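What follows is calculated from the coordinates using simple rules that are stated; it is not laboratory data. Not measured: the values here are computed from a predicted model. Every residue, glycine as well, gets a Cβ built from its backbone with ideal geometry; the counts of neighbours run over all protein chains shown.
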Amino acid sequence: MKEKLMNWIITQIFLSDTGVHEVYVHHSSHKLRCDCSGFSARNTCKHAKFVQSRMNDNGGVYPVQIDNSADKEASLASTDDPKAFRELLLNFGKIEAL
Ligand SMILES: [Zn+2]
């Protein structure tokens, strides 16, 4: 189970009228998943579509936006650790409102 979770990397945190939602990308298949109810019902949602279109515009990689105040070394170190990376996004990432 732990190994499985490690394969999903957070891309973007959204603030919606339904709450806070997180979109993850699978490290090898590049499939997306979101934790909103729309995604669990339809296997797609506006959050996943937003991430997908940004990835398409950026050569398949999501352009994560991290605030300049984040510690550079911590930012770099966290790219190998999905849990640390999520912390970084929560603290310094740009939250999209959808
Ligand atoms: Zn969603």
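Give the aspartates and glutamates reachable from Lys46 as a straight Cα distance under 19 Å; neighbours fewer than 8 places away on the same chain don't count.
Asp17, Glu22, Asp35, Asp57, Glu96
Given DSSP loops and a limit of at most 14 other Cβ atoms within 10 Å, what is the longest stretch of the chain that contains no such trypsin sites (Lys or Arg not before Pro)?
Result for the longest clean stretch: 32-93.
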